[in-house]
1. Among the listed residues A:72, A:48, which satisfies the condition of being closer than 23 Å to residue A:13 by Cα and in a helix (DSSP H, G or I)?
2. Out of B:245, B:236, B:222, I need the residue that is modelled with pLDDT under 95, among the small types (Gly, Ala, Ser), closer than 26 Å to residue B:49 by Cβ and buried (at least 24 other Cβ atoms within 10 Å of the Cβ). Which one?
3. Checking the condition in a helix (DSSP H, G or I) and surrounded by 17 or more Cβ atoms within 10 Å (Cβ to Cβ), which residue from B:314, B:302 passes?
4. Can you work out which of the residues in the range A:175-190 that are surrounded by 17 or more Cβ atoms within 10 Å (Cβ to Cβ) and out of contact with any Leu (no Cβ under 8 Å at 6 or more places or on another chain) is nearest to residue A:86 (Cα to Cα)?
5. Determine, yes or no, whether residue A:183 is at pLDDT below 95, more than 17 Å from the chain's Cα centre (by Cα) and under 30 Å from residue A:15 (Cα atoms).
6. Restricting to the range A:222-248, and then to whatever is of a type in the set (Val, Ile, Thr) and within 14 Å of another protein chain (Cβ to nearest Cβ), can you tell me which residue is nearest to residue A:277 (Cα to Cα)?
7. Look through A:104, A:97 and report the one residue that is surrounded by 15 or more Cβ atoms within 10 Å (Cβ to Cβ), within 14 Å of chain B (Cβ to nearest Cβ) and touching a Gly at 6+ places or on another chain (Cβ under 6 Å).
8. Out of the range B:176-197, which residues are more than 14 Å from every other protein chain (Cβ to nearest Cβ) and not basic (Lys, Arg)?
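The values are calculated or read from the model by the stated rules, or taken from the named source; none is laboratory data. Bear in mind the structure is a predicted one, so any value in this text is a computation, not a measurement. Here Cβ is always computed from backbone atoms with ideal geometry, including for glycine, and neighbour counts include all displayed protein chains.
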Amino acid sequence: MTWDIFVALLAATVLAGTPLLYATMGELITERSGVLNLGVEGMMIMGAFFAFFVQFKTGNPWLATLAAGVGAACLGLLHGVVCLIFQGNQTVSGLALTIFGVGLSDYLGAPFIGEKTVGFQPFDVPLLSDIPVLGPVFFQHDPLVYLSYVLPWAVMWFFRRTSLGLALCASGESPDAVQAAGLDPVRMRWLGIAAGAFFVGVGGAYLSLCATHMWTHNLTAGKGWIAVALVIFAFWRPRRAMLGAYLFGGIMAFQLRLQALGTSIPSSLMMMLPYALTILALLFSSARGKGRNAPAALGENISPGA
Amino acid sequence: MRFLNYAAACAAVIGMAISPLVSSAYAEESAKIKVGFIYVSPVGDEGWSWTHEQGRQMMEAMPDVETTMMESVPEGPDAERAIKNMCAKGYNVIVATSFGYMDAMVKMAKRNPDITFLHCSGYKHSKNMTCYFGRMYQARYLTGMVAGSMTKKNEIGYVAPFPIPEVVRGINAFTLGVRAVNPEAKVRVVWTRTWYSPDDEKKAAEGLLDVGVDVIAQHQDSASPQTAAEARGAYSVGYNTDMSSAAPKAHLVAAVWDWTKFYKKFIDEYRAGTWKNGNYWYGIGDGIVDISRYGDMVPADVRAKVDAVKADIVSGKYQVFTGPVRDQEGKVRVPEGQVASDDALLSMDWFVEGVIGTTK
């Protein structure tokens with residue numbers, strides 16, 4: 001493998017990792033507030049559809065991204081209604097949300113399949129894009145990619161340095177303590193669901209506005225589920241989530257280039273690589289005892305009047 | 001997770017698909033020939049299902065034919081239910097255009113001897129069931145000649161869906177065409193294991209372009225390999241339909257289907273009572289497979305050369321897979337002076353010399 005191909009591989013890694021990064025970060029925020037939302041796939045594909053639709057109607061990619069985030073957040077709030085108001089099972093509700101989102105996007109999107117849009121176009125960041133290696137790898141992409149670089153640090157700052165972020169994380173660890181401190185853990189969980197779903201939706205927007213510039217069914221193709229696994233891989237930490245997203249994206253980009261260079265490894269095995277890697281990473285992390293870093297109250301509903 | 005997607009898709013599709021069927025059940029009985037089509041993908045994708053939909057719309061325009069269609073019907077139990085439904089609604093002819101519908105079609109054909117079943121891309125047929133397909137490899141050979149003439153780096157990329165004989169045969173014919181005009185050129189294959197996934201297919205094309213190919217060919221239904229080629233200033237070869245609108249500056253030529261000719265022939269003979277069920281494999285001479293118009297960048301001498309070979313294939317003077325054909329290891333698979341049999345073509349699981357990749 002020559003140097004040029006290697007640099008191109010790293011650039012492709014960033015592009016493949018970006019939608020995973022948004023979706024993983026979104027689910028991470030939701031889970032840190034104590035809510036398990038398995039509806040990532042459904043919210044992500046609806047985000048992709050909202051983004052496509054608004055882009056198609058208005059031609060404004062920023063408005064489209066906002067619509068994707070808000071639309072996905074509204075879908076996420078359905079999960080909140082089931083789990084926070086009616087105390088429903090979080091796992092079941094999340095799965096239902098995925099089925100609902102995938103089905104609804106197919107139904108609403110049917111008339112638009114194959115329609116193309118402009119969306120975001122790549123632009124080079126002045127000066128930074130001229131740096132050898134780092135330039136082509138990080139600074140010759142779409143605006144949504146650049147925004148995603150800041151996201152892990154912004155989320156980390158929010159969790160650690162703002163009282164709202166601390167209360168949100170505390171609601172995932174010990175809702176009773178939050179209650180005792182005079183705050184409302186349910187309200188924090190609403191926030192966790194909405195904010196998390198917003199970023200999941202933006203991850204979907206990346207797919208229809210940057211990656212493909214079009215609408216078709218099954219645009220997410222399981223990426224939402226990968227994000228759910230990546231949250232565990234990341235031990236619920238924002239920066240590790242970024243690493244996980246790029247590792248996963250990198251493996252996907254690598255296997256395509258390995259095929260192109262010529263290999264005798266069967267393509268079915270190559271396709272398994274990212275998933276095999278996920279299983280290995282999960283095994284490795286739980287063997288080291290760090291896999292138990294899940295928020296203590298994750299998936300547990302807060303009983304009313306507690 | 002795939003299952004969930006399918007479950008969701010099924011729920012949406014069945015809901016949409018049942019309503020027109022239910023309403024048509026109350027329509028007046030007429031003497032019209034009723035033809036029902038079942039597609040595996042949405043029609044709007046301008047791919048495989050779209051090429052068959054052109055045939056349905058042509059029939060629908062005939063005064064004595066009434067048609068319906070169901071799109072995005074998953075292979076498996078849903079397909080059988082869809083076929084059964086059409087049988088119950090009094091359809092005379094049922095057309096299903098995906099390989100995975102085969103066993104459901106066979107089963108329903110046995111139970112409904114008065115209904116004619118047309119199944120595209122399978123291999124089972126009976127007294128009231130026809131299997132039909134096209135010799136797309138002939139068009140692939142011609143598009144390979146164009147690609148081989150236009151490559152400057154002598155490196156061509158092929159974005160391929162699944163390693164099955166139909167696809168392997170296409171890659172081999174394409175490569176034989178490439179090397180007929182450019183013996184130095186190589187064809188690099190990347191499998192996506194998707195029939196229609198614009199994002200995956202775009203990424204596969206980009207992987208090939210990173211490695212240094214300057215022409216991209218494809219077998220999937222999405223045009224995203226074409227747009228990926230255009231974005232990097234490379235050339236592209238389309239499939240299914242003329243994909244030049246997706247990549248006007250890159251699109252050299254496409255290997256295309258024209259199923260309207262088949263459906264016209266079928267409905268005329270069915271109406272006259274002369275249609276015979278069987279196994280049909282149509283070639284470029286029947287007009288069912290062809291190549292699209294050339295992109296403006298293809299020079300006149302290349303066009304003339306390709307058109308001459310096309311005429312020879314139509315007249316039967318030349319056949320693709322005429323020996324000697326060597327495989328990747330250099331072993332002679334088709335001896336000099338012989339032509340690969342249809343059986344050999346239908347079970348092809350090896351790559352010809354000049355392909356870089358694996359059939360596994």
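1. Unique residue meeting the criteria: A:48.
2. On the way: B:245 fails: buried (at least 24 other Cβ atoms within 10 Å of the Cβ); B:236 fails: modelled with pLDDT under 95.
Result: B:222 is the single residue among B:245, B:236, B:222 that is modelled with pLDDT under 95, among the small types (Gly, Ala, Ser), closer than 26 Å to residue B:49 by Cβ and buried (at least 24 other Cβ atoms within 10 Å of the Cβ).
3. Result: B:302 is the single residue among B:314, B:302 that is in a helix (DSSP H, G or I) and surrounded by 17 or more Cβ atoms within 10 Å (Cβ to Cβ).
4. The extreme case among them is A:185.
5. Numbers: at pLDDT below 95: yes; more than 17 Å from the chain's Cα centre (by Cα): yes; under 30 Å from residue A:15 (Cα atoms): no.
When the stated conditions are applied, residue A:183 does not pass them.
6. Step one: of the range A:222-248, the residues of a type in the set (Val, Ile, Thr) are A:226, A:228, A:231-232.
With the extra rule that they be within 14 Å of another protein chain (Cβ to nearest Cβ), the set shrinks to A:226, A:228.
Numbers: A:226: 12, A:228: 15 Å.
Ranking the qualifying residues of the range A:222-248, first place goes to A:226.
7. The match here is A:97.
8. Pass one, the range B:176-197, residues more than 14 Å from every other protein chain (Cβ to nearest Cβ): B:176-185.
If the condition is that a residue be more than 14 Å from every other protein chain (Cβ to nearest Cβ) and not basic (Lys, Arg), then B:176, B:177, B:178, B:180, B:181, B:182, B:183, B:184, B:185 are the ones that fit.
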